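Participant: One structure is given below, represented as structure tokens, and several questions about it will come after.
The values are calculated or read from the model by the stated rules, or taken from the named source; none is laboratory data. Every value quoted in this text rests on a predicted model; they were computed, and no experiment measured them. With ideal geometry, Cβ positions are generated from the backbone for all residues, glycine too; neighbour counts draw on all protein chains shown.
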Amino acid sequence: MDAAKTVKSSQCGWGMMLSLVVLGPIYSGVYTDVAIHPGGILQKDTAPDPDIPTGVAGAKWYEAPGIWWCVVERLSWTIQGKPYSYGCAFRPVK
């Protein structure tokens, strides 16, 4: 908490939150499709990413919402955890 008090809260994370809201639904849909249909059309145009789930190829239609939600969670942690947010440069906690 002490580290969080030193950041500029008006700048902290707004770009990341905006990215998550705007791009999150698109990426999660694409990544879910790529995971379920490896070798498909979308995979050929999608760069490898650790947020794309593995081991779900050929999943049934009723499993897709759970896979999609896992992708949403992964993307949320990835986007919010980027260390290059200048307004959110936390100082080390002692």
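Participant: Across segment 1-22, which residue is modelled with the lowest pLDDT among those that are surrounded by 13 or more Cβ atoms within 10 Å (Cβ to Cβ), within 12 Å of the chain's Cα centre (by Cα) and not hydroxyl-bearing (Ser, Thr, Tyr)?
Facilitator: Among them, the one singled out is Met16.
Participant: Closer than 14 Å to Trp77 by Cβ and either in contact (Cβ under 8 Å) with a residue 60 or more places away in the chain or in contact with a His (Cβ under 8 Å, 6 or more places away or on another chain) (or both), is that true of Ser19?
Facilitator: The answer is yes for Ser19.
Participant: Count, please, the residues in segment 29-62 that happen to be without any contact (Cβ under 8 Å) to a residue 12 or more places away in the chain and in a helix (DSSP H, G or I).
Facilitator: Of the residues in that region, 6 qualify.
Participant: Output yes when any residue across segment 48-65 is over 23 Å from Val21 (Cβ atoms), among the small types (Gly, Ala, Ser) and surrounded by 15 or more Cβ atoms within 10 Å (Cβ to Cβ), and no when none is.
Facilitator: Our first condition is that a residue be over 23 Å from Val21 (Cβ atoms); within segment 48-65, this holds for 48, 54-63.
From what is left, the residues that are among the small types (Gly, Ala, Ser) are 55, 57-59.
Within this subset, residues satisfying the condition of being surrounded by 15 or more Cβ atoms within 10 Å (Cβ to Cβ) are 59.
Taking every residue of segment 48-65 in turn, at least one turns out to be over 23 Å from Val21 (Cβ atoms), among the small types (Gly, Ala, Ser) and surrounded by 15 or more Cβ atoms within 10 Å (Cβ to Cβ).
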